[in-house]
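Everything on this sheet refers to the single structure shown next.
The values are calculated or read from the model by the stated rules, or taken from the named source; none is laboratory data. Small disclaimer: the values here were computed from a predicted structure and weren't measured. Note that each Cβ is placed from the backbone with ideal geometry, even for glycine, and that neighbours are counted across all protein chains shown. To get the accessible areas, we keep the full protein, side chains included, count just its heavy atoms, and leave off ligands, DNA and RNA. Shrake-Rupley method; radii C 1.70, N 1.55, O 1.52, S 1.80 Å.
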Amino acid sequence: MSGDKATRRQVRRIRRVRRVRRVRIDVEGTVQGVGFRPFVYRLARELDLAGLVRNTTNGLMIEVEGHAATIEQFLHRLRADAPVSALVEAVTVRAMLPCDQTDFSIHTSEAVGHRALVVPPDLAICPDCLRELNEPSDRRCRYPFITCTQCGPRYSVITDMPYDRLRTTMEKFRLCAACQAEYESIESRRFHAESIACPLCGPQVALWDERGCGMAQGEEAMAQAVRLLREGLILAVKGLGGFQLWVDARSDEAVRRLRVRKQRPDKPFAVLFPSLQAARIHCVLSPEEETLLTSPTAPIVLVRRHPDSSLARAVAPGNPFIGALLPTTPLHHLLMQELKQPMVATSGNRSDEPIVIDEQEAVRRLDGIADAFLVHDRPIARPVDDSVVRVCVDGGGKVGLDATIILRRARGYAPQAIRLKNCLASPNETVLALGGHLKNTIALLQQDRVWMSQHLGDLSTLEADHAFRQTVEDLQRLLHVTPSLVACDLHPDYRSSILARELAAQWSVPLVAVQHHHAHVVSCMAEHGLEGPVLGVAWDGAGYGTDGVVWGGEFLIAEPDRFERFAHLRPFRLPGGEAAMKEPARSAASLLWDLMGEQMPAQWFSLWPVTAEERERLVMLMKSPVTSAWTTSVGRLFDAVASLTGLCQRTSFEGQAAMVVEFAAEQGRVHGETGAYCFEIAKTDRGGNRLIVDWRPMVTELVQDLQQGASPERIAARFHHGLAQALVRIAQAAGLPHVVLTGGCFQNGLLRCLARQGLEKAGFIVYCHRLVPPNDGGLSLGQAVVAACQVAHRHSRRT
């Protein structure tokens, strides 16, 4: 009898096991620091599933046990109902033996094994926290560091992986009893929120004078800061990822004073508005732009200035766009609620230097700029500037595909990984790519992911070089990897290239120097998973060519590991080399001289709106026996048009002349201009099949228009139309169905839209950047992929 009972128990157990399953679920993506573990916990409890969840170095590991149908429902909702700030990239499910577990729990994070950086970006304050910030009965009312699992600092405070409080700069702030209870309560929105804090146990604000001496703390510090700003003074505010410089955006005198102190005469300043409603008063906003402004990423969005705006003209001199920004942190909201007016909120640095993140360093580096400092004692692990985006519309005012262009990838976006398709993945190499010299970013490729750093800026100062080197160490430390391959730009004298050689020698690993425009094209190919070949149109200001010429008007037949130069702009001289980049008149002189030389009719020179003394100096420069560099740069061609039309003769920041020509062209189109200048397509003088886009007919027609009194706006529009038409003709000659548009010139919304419309009308499939900038901020992605594919190709040939 006892044997029969044992048999029946065994049969019941077998039947139960057949109904009950246990699976292990590995989740990859942005799933740490965004409330994903609490979400999993609540979902499992709701579905009556047993198991556990923990952070791992590669994302998240879940084990669930229950009925098969319920587990399938769990897997579906894991993606469908995930927190809005999470990004599930991959889910792997493996069967396990049931173990009769009856509860579900959150386990301690796993800190061993292969690391994949899954640090979420910093996020703007969420609606729930904003409501509590303004609720008098809430214990965190008016607390400048309120946060939860759906908002607040992440990347800017993390010091190691996986993401837990002990591995952040919040480690020194020990939770009070009330915060600890919220942290441990499944019912709380702050359940396992690593940046949780309150007035009793968290960071505090203070106001310092220009010498760094304390003036006030807490509420009084914020109140005095508001008074200083209303008086027109310049305030350095320590934010999420570094300092900002604030000043009254309606006071022309105050904004000009900031320009003088910051040594930034023309480059537009970002403007922080108290609310979306306030932004609508000063800006013309599309629904897409409003969505970006109010999103968790909350970037600076380039939007059109309203004709009736009272913003100071010095905010963006000669520019119809405003870099609009809404409050992103609780501290921003508290200040702007009191100010009730727009404020300039620009990066806290001197020109060409990295953003300041430490309050003591701020007193030293911003000496002579800031009148006072609003600081706090939450350390910032790394500088993270504001991201900048713009929305492009087609000729009919409609938003097209890939309409949002990221111009600067930083807060809200970095360091989210970019997933590569299998054809571009690198199973055997870990590649460190060090980017270019301007708008620098670095990238680390491992298997099928590329992690890109935040925008680091130009590497022209010692401070910038130091920050660049720190970021290289930082990314490797977070991932716990030593690269097996280093990639850099082909230019040997970039600071990034110099460090690449140092690291490759130090680690005894190969170094791959990647041609600048090939990297541009492949960065866009990587975003879209393109194997090639494609026609890559890479137009920018400068990139070191394989022939030693400064390239910049390139049409490349490209694959990830190779390219052929199919066509390019006709070369012209750059009198004075790099000086030509700051003086558009030099490029203009080069074009005129190439056409006519000393026989140039006097009236042609007289039409050129530069002084007689300047014309004579440029003529002498063109006659000089000193060798000038040659270029095929479309960016420098824009400079020449800006000078010939009188729109811009000297620049103080990169791309300034091209921007002015773009704005003028838009006005020309508004007034009905549809004509196009002629660019002749011919074969190179050296023989072969390479094509040349000859700008000489365009310049001849432009000068004739000047003789007839044509407006700069009309000339600029015709120039844009001519460029777009020449691009389509080259694409037709290449005969490849896929065309990639990349390089800094395609930050120009009008040029991008005209090129896209013309190509699509001709039957081509067009690809533009959507995840990384088209400018040099996207180079590191392309470098990493090119280097990995080239090495893989060499290995395959050997075997």
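Filter the range 476-511 for residues that are hydroxyl-bearing (Ser, Thr, Tyr) and open to solvent by 10 Å² or more (accessible area, probe 1.4 Å); which is modelled with the lowest pLDDT?
Among residues in the range 476-511 that are hydroxyl-bearing (Ser, Thr, Tyr) and open to solvent by 10 Å² or more (accessible area, probe 1.4 Å), the one modelled with the lowest pLDDT is 482.
Keeping to the range 670-695, report how many residues are within 10 Å of residue 570 (Cβ to Cβ), in contact with a Leu (Cβ under 9 Å, 6 or more places away or on another chain) and either of a type in the set (Ser, Thr, Tyr) or surrounded by fewer than 19 Cβ atoms within 10 Å (Cβ to Cβ) (or both).
3
Of the residues in the range 112-135, how many are over 15 Å from residue 330 (Cα atoms) and either open to solvent by 10 Å² or more (accessible area, probe 1.4 Å) or modelled with pLDDT of 95 or more (or both)?
4
Out of all the residues in the range 204-219, is one or more among the β-branched types (Val, Ile, Thr) and out of contact with any Asp or Glu (no Cβ under 6 Å at 6 or more places or on another chain)?
Yes; the residues of the range 204-219 include at least one that is among the β-branched types (Val, Ile, Thr) and out of contact with any Asp or Glu (no Cβ under 6 Å at 6 or more places or on another chain).
So which pairs qualify, if the first residue must be in the range 459-476 and under 13 Å from residue 355 (Cβ atoms), the second must be open to solvent by 70 Å² or more (accessible area, probe 1.4 Å) and at pLDDT below 85, the Cβ gap must be under 6 Å, and the two must be at least 6 apart or on different chains?
461/352
So if I check each of 263, 244, which one is at pLDDT below 95, under 30 Å from residue 352 (Cα atoms) and of a type outside the set (Lys, Arg)? Outline the logic, then answer.
Values: 244 fails: at pLDDT below 95.
Of 263, 244, the one residue that is at pLDDT below 95, under 30 Å from residue 352 (Cα atoms) and of a type outside the set (Lys, Arg) is 263.
Scan the range 657-679 and give yes if some residue there is touching a strand residue (DSSP E or B) at 6+ places or on another chain (Cβ under 9 Å), small (Gly, Ala, Ser) and over 24 Å from residue 753 (Cβ atoms), otherwise no.
no
For the range 284-374, give me every one of the helices (runs of 4 or more DSSP H) that falls completely inside it and has 3 or more residues that are touching a residue at least 60 places away in the same chain (Cβ under 8 Å) and open to solvent by less than 30 Å² (accessible area, probe 1.4 Å). Break it down stepwise before answering.
Numbers: elements: 287-293, 330-339, 359-365.
The helices (runs of 4 or more DSSP H) meeting that bar are 330-339, 359-365.
Would you mind finding the one in 533, 571 that is more than 20 Å from residue 787 (Cα to Cα) and not aromatic (Phe, Trp, Tyr)?
571
Which is under 16 Å from residue 489 (Cα atoms), open to solvent by 20 Å² or more (accessible area, probe 1.4 Å) and either of a type outside the set (Phe, Trp, Tyr) or touching a Cys at 6+ places or on another chain (Cβ under 8 Å) (or both), of 747, 757, 790?
Only one candidate passes the filter, namely 790.
For residues that are aliphatic (A, V, I, L, M) and within 31 Å of the chain's Cα centre (by Cα), scanning just the range 51-81, find the one that is surrounded by the fewest Cβ atoms within 10 Å (Cβ to Cβ).
Per the stated criteria, the residue is 80.
May I ask you to say which residue of 787, 734, 710 is among the small types (Gly, Ala, Ser), touching a residue at least 12 places away in the same chain (Cβ under 8 Å) and under 23 Å from residue 680 (Cα atoms)? Give the steps one after another, and end with the answer.
Numbers: 787 fails: under 23 Å from residue 680 (Cα atoms); 710 fails: touching a residue at least 12 places away in the same chain (Cβ under 8 Å).
Criteria check complete, one pass: 734.
If a residue must be open to solvent by 20 Å² or more (accessible area, probe 1.4 Å) and part of a loop (DSSP other than H, G, I, E, B), how many such residues does the range 146-168 contain? Reasoning before the result, please.
Going through the range 146-168, the residues open to solvent by 20 Å² or more (accessible area, probe 1.4 Å) turn out to be 150, 159-160, 164-167.
Add one more test, that the residue is part of a loop (DSSP other than H, G, I, E, B), and what stays is 150, 159-160, 164.
Number of matching residues: 4.
Taking the conditions exactly as written (touching a Lys or Arg at 6+ places or on another chain (Cβ under 6 Å) and within 26 Å of residue 362 (Cα to Cα)), does residue 203 satisfy them or not?
yes
Just the residues that are within 40 Å of the chain's Cα centre (by Cα), at pLDDT below 85 and part of a helix (DSSP H, G or I), please, taken from the range 618-646.
618, 621, 622
Out of the residues in the range 696-726 that are of a type in the set (Lys, Arg) and surrounded by 20 or more Cβ atoms within 10 Å (Cβ to Cβ), which is farthest from the chain's Cα centre (by Cα)?
Checked the range 696-726; the qualifying residue farthest from the chain's Cα centre (by Cα) is 714.
For a quick check of your reading of the model, give me the residue pairs whose first member lies in the range 437-457 and is open to solvent by less than 10 Å² (accessible area, probe 1.4 Å), whose second is of a type in the set (Phe, Trp, Tyr) and part of a strand (DSSP E or B), with beta-carbon atoms closer than 9 Å and at least 6 apart or on different chains.
Listed by first residue and then by second, the contacts come to 443/451; 444/451; 445/451.
Hey, among the residues in the range 498-517 that are in a helix (DSSP H, G or I) and touching a helix residue (DSSP H, G or I) at 6+ places or on another chain (Cβ under 8 Å), which one's farthest from residue 481 (Cα to Cα)?
516
Kindly provide the set of residues from the range 439-471 that are of a type in the set (A, V, I, L, M) and over 20 Å from residue 411 (Cβ atoms), ordered by number. Reasoning before the result, please.
In the first step, residues of the range 439-471 are kept if they are of a type in the set (A, V, I, L, M); the result is 442-445, 450, 452, 456, 459, 462, 464, 467.
Listed by number, the residues that qualify are 445, 459, 462.
Looking at 33, 29, which one is under 30 Å from residue 480 (Cα atoms), at pLDDT below 95 and part of a loop (DSSP other than H, G, I, E, B)?
Values: 29 fails: part of a loop (DSSP other than H, G, I, E, B).
Going through 33, 29 in turn, just one is under 30 Å from residue 480 (Cα atoms), at pLDDT below 95 and part of a loop (DSSP other than H, G, I, E, B): 33.
Restricting the search to the range 375-392, which residues are within 26 Å of residue 252 (Cβ to Cβ) and either among the charged types (D, E, K, R) or without any contact (Cβ under 8 Å) to a residue 24 or more places away in the chain (or both)?
385, 386, 390
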